[in-house]
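One structure below.
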Amino acid sequence: MALHVPKAPGFAQMLKEGARHYSGLEEAVIRNINACKEFAHSVKSAYGPNGMNKMVINHIEKQFVTSDAATIIRELDVEHPAAKLMIMGSQMQDSEVGDGTNFVIILAGALLECSEELIRLGVTPTEIAEGFEKALDKCIEILSSLVCYEVKDCRNIQEVIKGIKTSIQSKQYGNEDFLADLVARASISILPEKTTFNVDNVRVCKVLGAGLFSSQVVQGMVFKREVEGEVTKVEKAKIAIYSCAVDIMQTETKGTVLIKTADELMNFSRGEENLLELQIKLIADTGAKVVVAGAKFGDMALHYLNKYGLMAVRLNSKFDLRRLCKTIGATVLPRLTAPTPQELGYCDLVCVEELGDTPIVAFRLESKESRISTVVIRGATDNYMDDIERAIDDGVNTFKCISRDGRFVPGAGATEAELAVQLTKYADTLPGLEQYAVRKFATALESFPKALADNSGHKSNVVLEKILDAHQNGKKNIGVDIDSENSTCDALEKNIFDLYLCKYWGLKYAVGAAATILRVDQIIMAKRAGGPKPRQKAGSDDES
């Protein structure tokens with residue numbers, strides 16, 4: 001008879017064997033807070049222009065060296081359910097604004113850290129969460145009064161550079177002037193008159209070699225590959241695009257041809273060749289000078305393409321085919337037929353160039369109506385170029401937000417310090433237990449100037465004291481100076497601006513994540529189905 005092991009009484013006895021159940025303050029709430037606190041501390045050192053890089057090796061052993069929180073989070077496979085809620089808030093910030101992911105995690109972590117002290121003092125998590133939500137409403141009310149700069153004209157390159165420089169500076173400190181200029185030119189050149197700006201229309205092509213300052217903006221698209229045929233340069237080109245292979249067509253049904261003599265074999269292959277030549281001649285007769293295909297070019301097809309002076313380019317990605325169509329105004333054809341004038345695309349110059357020892361095919365549009373622009377990045381290592389790409393991505397996302405709402409608040413931790421000072425005053429007016437949560441919210445906001453000072457090698461407590469003192473005396477724009485010994489500066493004078501939308505959504509998502517985690521009082525982890533089965537002993541009853 002099998003030995004019966006009784007299950008623990010209560011909730012656990014309803015679950016499968018191996019399931020875990022945590023409840024109450026110590027087991028559930030404090031446990032969640034500690035996990036989130038640790039996670040927030042790990043990315044805090046990556047905050048700001050002097051933030052440290054993290055080396056992340058993901059599940060397929062790809063290596064990332066970056067201080068970009070969005071990349072770190074995406075590549076880490078975080079298991080803890082509470083930390084996952086913080087990550088979701090951060091990912092929402094990434095899709096909404098494209099920047100400020102670290103802001104969400106640090107603020108949510110700081111709020112939970114502060115709430116732990118209140119829980120230990122006997123304030124209930126629900127009261128703390130309500131207090132945080134009250135503080136958030138007040139923050140959003142104050143935030144609009146802190147706007148210090150606004151981009152009125154999205155097509156003014158100097159205004160745009162001033163706006164996007166700070167977001168690039170936080171990733172690539174020292175190269176922000178050059179990169180901000182590249183991003184501004186690439187983004188403004190494709191800004192549509194009526195519809196909204198699409199981030200996907202600024203492409204990035206990374207070419208190994210040279211230095212960052214050899215990077216350039218190309219109106220049109222650039223592909224890292226060579227042409228298939230002999231023609232390497234075409235000006236004022238009409239372009240035909242096919243998603244099929246440019247080769248002798250296969251029949252749709254299987255057929256058997258019985259060949260008895262050598263003459264019949266010669267005639268059969270000549271018939272195929274003539275048909276292929278006719279197809280390519282018809283394409284050439286439409287005025288097309290370039291043929292782009294999403295599959296292979298046969299040797300016979302290349303022979304006829306060279307004979308009629310057509311350039312042949314192969315693109316392996318169907319997404320690249322679609323983007324190229326969008327760039328040059330062409331239509332993808334599924335069969336090798338002659339395109340109509342409406343289906344042909346147009347490009348001012350299609351040419352093969354060599355950057356370093358990498359051949360590239362560039363589709364350049366000289367006119368102003370280009371719908372896609374490409375930033376060609378040069379650099380010494382792949383990791384370095386990946387980091388430059390992330391900085392450019394942040395800059396392009398900032399431009400997208402500028403095109404929707406061009407308002408900016410002071411950066412360098414000045415906005416957070418001002419919110420902290422004003423929240424502390426607001427807390428004094430509240431009668432209930434919420435005032436403690438509002439005060440702790442102010443303390444959590446102070447962690448941003450502290451993180452900036454810490455990462456820049458200053459004494460954070462001394463710097464924070466100076467900043468808060470200046471803000472209490474009405475100097476709203478004083479923030480952390482990461483360069484000088486003075487350790488504080490006027491963010492407005494130094495042109496350090498943060499997007500209003502970035503702060504607005506960052507506060508909302510961080511408080512949402514923190515309040516959700518605080519309101520959890522039970523963690524129930526069901527046993528996973530499947531998985532490895534326990535090994536059976538040799539000679540057990542099952543095998544007999």
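The values are calculated or read from the model by the stated rules, or taken from the named source; none is laboratory data. Everything quoted here is computed from the prediction, not taken from an experiment. Quick reminder, even Gly has a Cβ in these numbers, built from the backbone with ideal geometry, and neighbours come from all protein chains shown. We work out accessible area using only protein heavy atoms, side chains counted, and drop any ligands, DNA or RNA first. Shrake-Rupley method; radii C 1.70, N 1.55, O 1.52, S 1.80 Å.
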(request) Name the single residue, out of those in the stretch 418-442 being in a helix (DSSP H, G or I) and of a type in the set (D, E, K, R), that is surrounded by the most Cβ atoms within 10 Å (Cβ to Cβ). (result) GLU418
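If you scan the stretch 265-304, which residues turn out to be in a helix (DSSP H, G or I), in contact (Cβ under 8 Å) with a residue 24 or more places away in the chain and not aliphatic (A, V, I, L, M)? Steps first, please.
Initially, the stretch 265-304 is screened for residues in a helix (DSSP H, G or I), giving 265-285, 299-304.
Still in the list and also in contact (Cβ under 8 Å) with a residue 24 or more places away in the chain: 272-273, 275-277, 279-285, 300-302, 304.
Within the stretch 265-304, GLU272, GLU273, GLU277, GLN279, LYS281, ASP285, TYR304 meet the criteria.
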(request) Return the residue satisfying two criteria in turn: it lies in the stretch 241-263 and is among the charged types (D, E, K, R) and either in contact with a Ser or Thr (Cβ under 7 Å, 6 or more places away or on another chain) or open to solvent by 80 Å² or more (accessible area, probe 1.4 Å) (or both), and of such residues it is modelled with the lowest pLDDT. (result) GLU252
(request) Return the total of residues in the stretch 277-294 being within 43 Å of the chain's Cα centre (by Cα), surrounded by fewer than 14 Cβ atoms within 10 Å (Cβ to Cβ) and aliphatic (A, V, I, L, M). (result) 0
(request) Determine whether ASP299 is open to solvent by 60 Å² or more (accessible area, probe 1.4 Å) and of a type outside the set (Val, Ile, Thr). (result) yes
(request) Give the number of residues within the stretch 212-226 that are within 26 Å of the chain's Cα centre (by Cα) and open to solvent by 30 Å² or more (accessible area, probe 1.4 Å). (result) 6
(message) For the condition more than 25 Å from CYS244 (Cα to Cα) and either open to solvent by less than 10 Å² (accessible area, probe 1.4 Å) or over 29 Å from the mean Cα position of the chain (by Cα) (or both), what is the one hit in VAL396, VAL361, VAL352?
(response) VAL396
(request) Output the number of residues of the stretch 225-241 satisfying the condition of being among the charged types (D, E, K, R) and in a strand (DSSP E or B). (result) 4
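Within the stretch 59-82, work out how many residues are surrounded by 19 or more Cβ atoms within 10 Å (Cβ to Cβ) and either charged (D, E, K, R) or not in a helix (DSSP H, G or I) (or both). Explain how you work it out, then say what you get.
Within the stretch 59-82, the subset surrounded by 19 or more Cβ atoms within 10 Å (Cβ to Cβ) is 64, 66-73, 82.
Next cut, either charged (D, E, K, R) or not in a helix (DSSP H, G or I) (or both) only: 64, 66-68.
So the count comes out to 4.
Could you check how many residues of the stretch 227-240 are surrounded by 14 or more Cβ atoms within 10 Å (Cβ to Cβ) and acidic (Asp, Glu)?
1
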(request) Give the residues of the stretch 228-246 that are of a type outside the set (D, E, K, R) and over 19 Å from ALA330 (Cα atoms), sorted by residue number. (result) GLY229, VAL231, THR232
(message) Within the stretch 433-476, take every residue that is under 29 Å from GLU127 (Cα atoms) and of a type in the set (D, E, K, R) and give me the one that is farthest from the chain's Cα centre (by Cα).
(response) GLU434
(message) Within the stretch 154-176, take every residue that is more than 25 Å from GLU416 (Cβ to Cβ) and in contact with a Leu (Cβ under 8 Å, 6 or more places away or on another chain) and give me the one that is surrounded by the fewest Cβ atoms within 10 Å (Cβ to Cβ).
(response) ARG155
(request) Among the candidates GLY413, GLY457, GLY479, single out the residue that is at positive phi and open to solvent by less than 10 Å² (accessible area, probe 1.4 Å). (result) GLY413
(request) Return the residue satisfying two criteria in turn: it lies in the stretch 123-153 and is closer than 12 Å to TYR436 by Cα and among the small types (Gly, Ala, Ser), and of such residues it is surrounded by the fewest Cβ atoms within 10 Å (Cβ to Cβ). (result) ALA129
(request) Scan the stretch 1-58 for residues that are modelled with pLDDT of 75 or more, open to solvent by 30 Å² or more (accessible area, probe 1.4 Å) and not in a helix (DSSP H, G or I) and jot them down. (result) SER45, TYR47, PRO49, ASN50, MET52, ASN53, LYS54, MET55, ILE57
(request) Take GLY406 and decide whether it is touching a Pro at 6+ places or on another chain (Cβ under 8 Å) and either at pLDDT below 85 or hydroxyl-bearing (Ser, Thr, Tyr) (or both). (result) no
